[in-house]
Amino acid sequence: MNAPRPGAGPLRRLVVLRHAKSAWPAGVADHDRPLAPRGRRDAPAAGRVLAEADLLPDLALCSTAVRARQTWELAAAQWGTPPAVRLDARLYAADAPDLLAVVHEVPGQVGTLLLIGHNPGLEELVLELAGDGVDDTLDRLGVKFPTSAIAVLAWHGESWQTLSPGTALLTELTVPRGHKHR
């Protein structure tokens, strides 16, 4: 396995967030499905986890699907000053190569990028990019990447174009869950 090479450029982090749990209302197109009540609880929890782990992004790229946009809005509301967000239709139903192509377009000054989208593409992207993982993160990812899951990939590179299969280290894998209010 190829782990990130120290010293081959600045440390960069790709934070991958799968949208929170969505509803399946009758007669609503897939792109327009909103978050379910559980998703409306879990998305803010994801935002809190990112803040507590010092993983606030310099830029967020988000699918145009309603459930992804709502996940972004609820997560970012947990931060003092949310970063810029770019809604990108290419992230909806994208596979790993398409996702990586979008990531390659990110400006070099962005050190931490948040990518909000959908499975199976997100899970495939993380598995493809991770040359290694901390503790059991890769094993757990191979089992399941559920809604609201957050995967953090780190590598050294002069630009986002240097991110390629097997070059990143999967440093974190967590699934934030919000609590029901009684």
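List the residues whose amide H sits under 5 Å from the amide H of L61, counting only those 5 or more places along or on another chain, with H placed 1.01 Å from N in the peptide plane.
Residues meeting the criterion, in which the H sits 1.01 Å from N, are R86, L114, L115, I116.
Suppose every K and R has +1 on its Cβ and every D and E has -1 on its Cβ; what is the size of the dipole of segment 1-124 about the Cα centre, in Debye to the nearest 20?
It comes to approximately 300 debye.
Please work out the Cα convex hull volume for the chain and give it in Å³ per residue.
114
Calculated from DSSP H runs of 4 or more alone, at -39500 (n - 2.57) each and per residue, what is the 222 nm mean residue ellipticity of the chain, nearest 500?
Value at 222 nm, helices only, nearest 500: -8500 deg cm²/dmol.
Which of these, A45, A65, A101, has the largest mean-square fluctuation under a Gaussian network model of the chain (Cα springs below 10 Å)?
With Cα springs under 10 Å in the chain, the top fluctuation among A45, A65, A101 is at A101.
Using unit Cβ charges (K, R positive; D, E negative) and no other charged atoms, how large, in debye to the nearest 20, is the dipole of segment 111-182 about its Cα centre?
580
List the residues whose amide H sits under 5 Å from the amide H of G108, counting only those 5 or more places along or on another chain, with H placed 1.01 Å from N in the peptide plane.
Residues meeting the criterion, in which the H sits 1.01 Å from N, do not exist here.
For segment 24-73, what log10 I(q)/I(0) values come out of the Debye formula at q = 0.21, 0.24, 0.33 1/Å, with one point per alpha carbon and no solvent?
So the normalised log intensities are -0.79, -0.93, -1.22.
Can you give me the long-range amide H partners of E172? Hydrogens built in the peptide plane at 1.01 Å from N, cutoff under 5 Å, separation of 5 or more residues or another chain.
Correct list: V152.
Please say if segment 17-122 is rounded, prolate or oblate, where rounded means a/c under 1.5 for a ≥ b ≥ c the square roots of the C-alpha gyration tensor eigenvalues, and otherwise the choice is prolate for a/b larger than b/c and oblate otherwise?
oblate
If you plug each phi of segment 54-59 into the Karplus form 6.51 cos²θ - 1.76 cosθ + 1.60 with θ = phi - 60°, what whole-Hz ³J(HN,Hα) values come out, in order, with x for Gly and Pro?
Residue by residue, segment 54-59 yields 6, 10, 5, x, 7, 8 Hz.
Quick one: what are the phi-derived ³J(HN,Hα) couplings along segment 10-27, Karplus 6.51/-1.76/1.60 with θ = phi - 60°, whole Hz, x for glycine and proline?
Per-residue couplings from phi come out as x, 5, 10, 10, 10, 9, 9, 10, 6, 3, 6, 4, 9, 8, 10, x, 4, x Hz.
Quick one: what are the phi-derived ³J(HN,Hα) couplings along segment 81-86, Karplus 6.51/-1.76/1.60 with θ = phi - 60°, whole Hz, x for glycine and proline?
Result, ordered by residue: 10, x, x, 5, 10, 10 Hz.
Of the residues G111, G39, G27, which exhibits the maximal mean-square fluctuation in a Gaussian network model of the chain defined by a 10 Å Cα contact cut-off?
G27
What whole number of Å gives the distance from the Cα centroid of segment 9-27 to the Cα centroid of segment 109-142?
Result: 11 Å between the Cα centres.
Bear in mind these aren't lab numbers, they're just calculated from the coordinates by the rules spelled out. For clarity, every value in this text was computed on a predicted model and none was experimentally measured. Using ideal geometry, Cβ is built from the backbone for each residue, glycine included, and neighbour counts are taken over all protein chains shown.
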